[in-house]
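Undergrad: Quick one: the structure is below, questions incoming.
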Amino acid sequence: GSEEHEQVIRQVGTRSFVVAPLKGRGATIGVLTLLTAKSGRRLRESDLKVAEELARRASIAIDNARLYAAAQQANRAKSDFLANMSHEIRTPMTAVLGYADLLAATDVDAEQRKFIEIIKRNGDYLLELINDILDISKIEAGKFDVAVERFQLSHIVADLESTMRIRAQAKQLDFEVRYAGEVPAVIESDPKRLRQILVNLAGNAIKFTERGRVELAVDYLPDADPPAVQFAVSDTGIGIDPQQVDQLFEAFSQGDASVTRKFGGTGLGLTISQRLAERRGGKITVESTPGQGSTFTCTIPAGTTSDGPVIPDQAATVAAPAAPPPAETRLDCRILVVDDRRDVRFLTEQILTKTGAAVDLAEDGLDAIHLIQEGAERGQTWDMIFLDMQMPRLDGYQTAMRLRKAGYENPIIALTADAMEGDMEFCLRCGCDAYLSKPIDAEQLIETAARHAPS
C-alpha cells in the first residue's frame, strides 16, 4: 500500500491485518484492508478469502461507476456535437432554400424557374436526410421526447392523404385511404410523431412502387390490450426478400447496396418509425412477397378516446377545400435581426422588409446589446428581436437573459437549429417569447412577426 496506508495501520494499533487489491480492468485501483486492533484476534486464511471477495465486488462497483460517469460524459459530448452539427448544417440550408425563394419571386423565364425548382427540390431532400440523421442520433442519445395530447384522428389521416396523393400522382400511382371499420373520432397520442411514422411508411411505399397502387387502411382494435389504432400501408412494389426483413429496422440498412444506389435515402426511416412507435407502446410489423408488394402495419395505443366510434366521411377525408390565399401581411414595426451569418441576416431582412417593417441588423449578441443600449439613450427601441441562439462571443441564450435583465420587455423570437428536445423550453426560460426552427420558412417568419407586432 501507500505510505499513508501504512501510517493508518500503525496509528490504530493494528494486531493483525490482511490486504486485498482492488482491480479494475486489469489495473490496480486501490486496496481493501481488514484489520484487528484491541480485540487481539488474529486474522486467518478464511478472512483473507472474505477480503478478496469483498475486494472483487467493490472493484466491480467502482468500475461500473466509472463506466457510468464516462458514458454520461460521452452522452453530453454527443449532445453538444449534435447541437453544433445541426446548427452548422441547417444554417447554410436556410440560405440555399431562402435565396431560391427570393429568386423565384423575381422576373425569371420558364427555364430559370425550372432550375430554381430543382434547387428547391434537392434542398428539401437534403434537409430530409439531415433530419433523419439527427432524429436517430437524438433517439440514441435519449434526447427524443414524445408529447401526448388529444386530437382528431381523421385530421391526421386527411392531411397524410392530401400530401401522399401528390407524391403518388407524380409516379402515376393510385393512393387510397380506407377505413376498415369504425374508429374513435378523438384519440390520445403524439400527433406530430404519428404523422412522421405514417409519412415514412407511405413515402417508402410510393418510393419502392413503380406501378399499381398504395393503400392506407385504418382500423380500431377495441379488444386489444390496451385498445389501439392500426394503420396498414400496402403497396404493389418490389417487395422484400424474407432474408432481408430482419434488417429493415436496423439503422442505415436498406436490404442491399443496389436498393440504396437506385432509390437513395439514409435507410433510417423505418428505424426511426419503429423507435417512435415503441416509445408510445406500439410496434411496426411487415409482411412482404418479393415482386408482389409489401404491407407495413403500425399499431399504436389509442389512449383515452371519445366522441365515437364513428366512420369518417370518406369524401370529406379525401381533400379539404383549398383555403383562399392569405392576404399580404403588412407590418408597421421596427425589428432587430441578430445572427452571426451574413447570408441569413440579409435573407431575413429581405423577407421582413417586403412586409413594410423597418429592419436593423446585428452580427452577434454583444452587438445587439450595444445597439439596444444606445437606442435606449436616444429614446428609441425595437418592437421585437429575432435572435439566433448559436453565435460566437455571446450566444442567444445569454443575450436574451442580459436583455431581460437590462429591462428590454418587447418580444424576443429565438432562431435555432432545433437540435434537441428541450430547446424550446430552454429558450423560454432564458426570456424568449417564441421559437422558430432553421431553415427559416418565410411564411412562418412573417406570421410570427405579425403575431408579436404591436397592435
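Undergrad: State, to one decimal in nm, how far the label point of Asn84 lies from the label point of Arg404, with both points 7 Å from Cα in the Cβ direction.
TA: 2.7
Undergrad: By how many nm would the segment from Thr28 to Ala358 grow when fully extended, if each residue of separation counts as 0.36 nm and the alpha-carbon distance is taken off?
TA: Working it through step by step, the gained length comes to 112.0 nm.
Undergrad: Quick check: residue separation of Glu443 and Asp63 times 0.36 nm, minus the Cα distance between them. What number comes out in nm?
TA: In short, 131.4 nm is gained.
Undergrad: At 7 Å along the Cα-to-beta-carbon direction for both Glu3 and Ala104, put a label point, then send me their distance in nm to one decimal.
TA: Placing both labels 7 Å beyond Cα along the Cβ direction yields 7.6 nm.
Undergrad: Let me ask something additional. How much accessible area per residue does segment 125-242 have, counting only protein heavy atoms and a probe of 1.4 Å, in square angstrom?
TA: Dividing the accessible area of segment 125-242 by its residue count gives 44 Å².
Undergrad: Working out 0.36 nm times the residue gap between Phe426 and Ser16, then minus their Cα-Cα distance, what length gain in nm do you get to one decimal?
TA: Computed gain between Phe426 and Ser16 is 141.7 nm.
Undergrad: Let me ask something else about it. Kindly sort Glu377, Glu6 by accessible area of their heavy atoms, largest first, with the probe set to 1.4 Å.
TA: Glu377, Glu6
Undergrad: Going by the alpha-carbon gyration tensor, a ≥ b ≥ c the square roots of its eigenvalues, is segment 380-455 rounded (a/c under 1.5) or, if a/c is not under 1.5, prolate (a/b greater than b/c) versus oblate?
TA: Because a/c hits 1.5 or more and a/b fails to exceed b/c, segment 380-455 counts as oblate.
Undergrad: I'd like the accessible area for Glu111, computed on protein heavy atoms only with a 1.4 Å probe and all protein chains in place. Round to 10 Å², please.
TA: Glu111 has an accessible surface of roughly 120 Å² with all protein chains in place.
Undergrad: At a 10 angstrom cut-off on C-beta neighbours, averaged per residue, how do the peptides 114-121, 270-277 rank from highest to lowest?
TA: 270-277, 114-121
Undergrad: Let me ask something additional. Could you rank the peptides 437-443, 175-181 by their average count of other C-beta atoms within 10 Å per residue, with the highest value first?
TA: Highest to lowest by the protection proxy: 437-443, 175-181.
The values are calculated or read from the model by the stated rules, or taken from the named source; none is laboratory data. These numbers come from a predicted model, not from an experiment. Every residue, glycine among them, receives a Cβ derived from its backbone with ideal geometry; neighbour counts consider all protein chains shown. Side chains are part of the model used for accessible areas, which takes the heavy atoms of the whole protein and leaves out ligands, DNA and RNA. Shrake-Rupley method; radii C 1.70, N 1.55, O 1.52, S 1.80 Å.
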